Amino acid sequence: MPVHESAQPRIAFCCANTQPEPWLKGLRSAVPGAQVSVWEPGQAIADYAVVWAPPQAFFDEQTQLKAIFNIGAGVDALMRLRLPQGVPVVRLEDAGMAVQMAEYVCQSVIRFFRELDVVESSMRQAKWELRKPRRRKEFPVGVLGLGVLGQRVAQALSHFEFPVLGFSRSPKQVPGVQCFHGESQWMDFLARCRVLVNLLPLTTDTQGILNRQTLSSLMPGAYLVNVARGAHLVEQDLLDLIHSGHMAGATLDVFCEEPLPPQHPFWHEPRLILTPHTSARTLREDTIEQIAGKLAALIKGEKISGQVDLGAGY
């Protein structure tokens, strides 16, 4: 059904840890005539919300919203709140994030496969040492989660001729990727992976999914790349498996607590590569363009992609 409203849609911007002025300027330019303002308690009622990790007070006050636009792909922060019933929540689809994620994951996998950390360490010690080449077919890479980002990552990895496997809750078909789905294929998927890349949405079902049992089911000498959410990983389980030798190491871009506390043991484990939640950053111009296009479609009564299934949590 069409979204009926005044000629000047009212947009409330409520994004934690985000400099608002460039966003306000961009939204006003992309949605001509829109009244765009930063939300403050007691502010006038809005028609639409552009949010990132908003407080519950925002939704308690904004009682006439027609749609909620999240400026990221992950909506786990929203799922913890009481959202207005019947109001569509629209997550970001790609908007320049997929290529960033693909390049980040590919360099992480290639760095592990080519043992570039060992090579760099030797060179710093003025040692000229050649490593025995590894065989690609012995390094199958499993991608957990085959949404927009997961599919892009899986296909990018296949270009480097790694055997690529993908796992999703429901059946998917991705060119160049051997796809698994559902609980019945879960253990088979894990057992075939030498590298595991996590791109799952964070839900009650996936929290802590990267645990001792899951990681122990990977091939010996396995490697983890986590670019989804820190809460997917049971951190001590990973450390224990690295110390036991079953896991060769990991590249971690996300953590249970961010910023990572100075006393955290991850800092002192040399087989971990740590980055500050930077694998795929929100690109403001691309995001604004996507939001503006979907808002215009909603007003015309057209269907849009990227609507969150609130029951599934993504």
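Does segment 105-125 hold any residues that are buried (at least 19 other Cβ atoms within 10 Å of the Cβ) and either assigned to a loop (DSSP other than H, G, I, E, B) or hydroxyl-bearing (Ser, Thr, Tyr) (or both), and which are they?
Once the filter is applied, which keeps residues that are buried (at least 19 other Cβ atoms within 10 Å of the Cβ) and either assigned to a loop (DSSP other than H, G, I, E, B) or hydroxyl-bearing (Ser, Thr, Tyr) (or both), segment 105-125 yields only 108.
Just to be sure, is residue 142 within 17 Å of residue 192 (Cα to Cα) and either touching a residue at least 24 places away in the same chain (Cβ under 8 Å) or assigned by TED's automatic domain parsing to the domain that holds residue 248 (or both)?
Answer is yes for this residue.
Show the residue pairs meeting these rules: Cβ distance below 7 Å; 6+ apart or different chains; first residue within segment 163-174 and in a loop (DSSP other than H, G, I, E, B); second residue at pLDDT below 95.
none
Could you check segment 233-292 and list, in sequence order, the residues that are surrounded by 17 or more Cβ atoms within 10 Å (Cβ to Cβ) and within 18 Å of residue 77 (Cα to Cα)?
233, 253, 254, 255, 280, 282
Kindly state which helices (runs of 4 or more DSSP H) lie completely within segment 179-276 and contain at least 1 residues that are in contact with a Phe, Trp or Tyr (Cβ under 7 Å, 6 or more places away or on another chain) and in contact (Cβ under 8 Å) with a residue 40 or more places away in the chain.
186-191
Among the candidates 74, 86, which residue alone is on the phi > 0 side of the Ramachandran plot and not acidic (Asp, Glu)?
None of the other options fit; the residue is 86.
For segment 148-166: of the residues being surrounded by fewer than 20 Cβ atoms within 10 Å (Cβ to Cβ) and among the polar types (S, T, N, Q), which is farthest from residue 193 (Cα to Cα)?
155
Going by what's in this entry, would residue 184 be described as at pLDDT 95 or above and out of contact with any helix residue (DSSP H, G or I) (no Cβ under 9 Å at 6 or more places or on another chain)?
yes
Please state which one of 164, 174 is among the hydrophobic types (A, V, I, L, M, F, W, C) and under 19 Å from residue 224 (Cβ atoms).
Checking each option against the conditions leaves just 164.
The values are calculated or read from the model by the stated rules, or taken from the named source; none is laboratory data. Just so you know, these numbers come straight off a predicted model, no measurement behind them. Here the Cβ is made from the backbone with ideal geometry for all residues, glycine too, and neighbour counts use every protein chain on show.
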